[in-house]
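Remarks on the structure that follows.
The values are calculated or read from the model by the stated rules, or taken from the named source; none is laboratory data. Worth saying up front: this structure is predicted, and the values here are computed from it rather than measured. Methodologically, a virtual Cβ is constructed for each residue, glycine included, from the backbone with ideal geometry; neighbour enumeration extends over all protein chains shown.
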Amino acid sequence: MKLIDSALKPEFTSMFDVEHIRADFPILKLQVEGKPLVYLDNAASSQMPQQVIDRLVRYQTSEHANINRGVHYLSETATAEYEGSRRKLQHFINAREDREVIFTSGTTDSINLVMHGYGRKYIRAGDEIILTTLEHHSNIVPWQMLAEEKGAKIRVVPISDAGELLVDEYKKLFNARTKFVGVMHVSNALGTVNPVKEMIAFAHSRGVPVLVDGAQGAPHMAVDVQDLDCDFYAFSGHKLCGPTGIGVLYGKAELLERMQPFKGGGDMILSVTFEKTTYNSIPHKFEAGTPPIAAAIGLGAAVDYLSAIGLDTISAYELKLLNYATEQISNLPGVRIIGTAARKTAVISFVMEGVHPHDIGTLLNHEGVAVRTGHHCVQPVMLRLKVPATTRASFAFYNTMAEVDTFISGIRTVQKVFT
Amino acid sequence: MNSKSLYQEVILDHNKKPRNYGTLDKASHHAVGHNPLCGDHLDIELNLEGDRIDNIAFHGESCAICKASASMMTTAVKGKARSDAETLIKEFREMATGTLNLSEDHHLGRLTVFAGVRDLPTRVKCAILPWHTLHAALNSVTTTSTEAEDDPMHAAIGDA
């Protein structure tokens, strides 16, 4: 099978040439408040290369119809492209089979699918679910809803002041009632890369399945779900240079087959009578209704694009950006980095003495610099690290060292305004 | 309006040296206002003598826009009749949301330095929070929020 559509390959050869890469992203040419855009909000959503935009246009102009039911040309084309995209995603995360890849609307939807499909079937009163302090609200709230419904209990893995999970404490939380573990691969707020492989192995030694929230993992490092041996891996398209409204839930086939459907409707059935409905096999059992076909195909193009650059190349380059930005920001008086784990992706959360993150964000915007301010949907992390909010710069492979400089000089400007 | 010109001298000064910051020994009304989107919160205490705001103070955790707005608000309403304060609340909300014509008669005076927030949708609530909280305190509502049913952006203007 042809994995990389040659038309989708970024136009560069051996060396990582960031200027070449940037030329693929039309939005990066934008001016904001008269300054060149410096987009450092990639952990919230990444930008889309022309190759993906073109793929969406091609689909919409010459391939679109509803999938799975039509016998006509367009329906067959759309179905083939949609399923082809599923295989691209399968290879992207090295899943054993394509039916282990379920298209969802995003990470939140993927986690909710596991909560409804697995949790509501297998979690009972008195059972315990282990989560971590670092989790995004989207990997807390569904489990709280389940715990409330079932009378189950949530146990929370603590973190160090640096923002690293305390793995020994994690291991101590296990007991006979432990039935599920949810852990994020990479912290969205702090950039901490969690030792998920070790955590999964430990959970499995106790017979407990693990869901990994990979929203911030998949875009920044090569993910191999077989190597991790995770039971579920959830991620979003729009943080991966793809469209919004599409995401993936990877699940081991054996688990997915045992799970109950989350949403009922068309496409997820084999037969329906008012007496009895027989569900379709996986992955279709979990894809009720017409899916976002264009977005799924766009996501396929996005992973082609990223794979052509190489996730290892991306990780290595982003690490350089992180190291440079960390060094530069550490030289600024009155600025403190929140989240100083030994293993991080290119995320820098920080607080500045006497200046509220919202003011920093607004003033950086004036310099053309886009950052995120607030609690980043991780209020427990903010509470634990005793900061009400932070300013977060999150980098992608299309950011440059010069943009780090603009960001740093923007912070200096903020400091001048507030002295 | 650009994002920087909001940070004028007067706003930066009130942020740095907020007036009427702290608590009151004697307060007839108080309210806590929350902006759950950013975690900011503001406590406002005031003492009504008859129909007049005899004293007012605020404290809390907030950005410069919110703190300066609270500081300037307290100086503007201190000593004023309750109905005059409600007029200012109404006019300030209208200004921040862009529905007040500043060239027509109004009572905002120096408070018009906040007019620029109308062009920064994400910051409108920062400026409004103190006024929203004052409105709640004057109406004996003890907690309020910039979101959901309490949302000042959706609240009927002048619904006192």
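Things to note:
- Segments classed as helices (runs of 4 or more DSSP H), wholly inside the stretch A:104-187, with at least 1 members that are of a type in the set (D, E, K, R) and touching a residue at least 40 places away in the same chain (Cβ under 8 Å): A:107-114
- Only residues that are under 30 Å from A:Lys416 (Cα atoms) and not in a helix (DSSP H, G or I) were counted in the stretch A:285-335, giving 5.
- The residue that is surrounded by the fewest Cβ atoms within 10 Å (Cβ to Cβ), among those in the stretch A:368-406 that are farther than 26 Å from B:Glu61 by Cα and touching a strand residue (DSSP E or B) at 6+ places or on another chain (Cβ under 6 Å), is A:Thr406.
- First in the stretch A:325-339 and more than 18 Å from A:Pro357 (Cβ to Cβ), second anywhere and surrounded by 14 or more Cβ atoms within 10 Å (Cβ to Cβ), Cβ under 8 Å, 6 or more apart: A:Thr326/A:Ile337; A:Thr326/A:Ile348; A:Gln328/A:Val404; A:Gln328/A:Asp405; A:Gln328/A:Ile408; A:Ser330/A:Ile337
- Count - residues of the stretch B:31-58 that are away from every other protein chain (no Cβ under 14 Å) and either in a helix (DSSP H, G or I) or surrounded by 21 or more Cβ atoms within 10 Å (Cβ to Cβ) (or both): 9
- Count of the stretch B:81-113 residues which are more than 23 Å from B:Asn15 (Cα to Cα) and not in a helix (DSSP H, G or I): 10
- Some residue of the stretch A:349-367 being away from chain B (no Cβ under 11 Å) and under 20 Å from the mean Cα position of the chain (by Cα): yes
- Given (1) more than 21 Å from A:His91 (Cα to Cα); (2) in the same structural domain as A:Ser110 (by TED's automatic domain parsing); (3) crowded, with 18+ Cβ neighbours inside 10 Å, index of the condition A:Ala301 fails: (1)
- Once the stretch B:114-145 is narrowed to residues that are surrounded by fewer than 22 Cβ atoms within 10 Å (Cβ to Cβ) and in a strand (DSSP E or B), the residue that is nearest to the chain's Cα centre (by Cα) is B:Ser145.
- Residue in the stretch B:3-20 that is surrounded by fewer than 20 Cβ atoms within 10 Å (Cβ to Cβ), over 21 Å from B:Thr112 (Cα atoms) and hydrophobic (A, V, I, L, M, F, W, C) present: no
- Counting the residues of the stretch A:240-259 that are under 16 Å from the mean Cα position of the chain (by Cα) and either assigned to a strand (DSSP E or B) or free of Cβ contacts under 8 Å to residues at least 40 places away in the same chain (or both) gives 5.
- Screening A:Gly334, A:Gly374, A:Gly339 for residues that are within 14 Å of another protein chain (Cβ to nearest Cβ) and among the small types (Gly, Ala, Ser) leaves exactly one candidate, A:Gly374.
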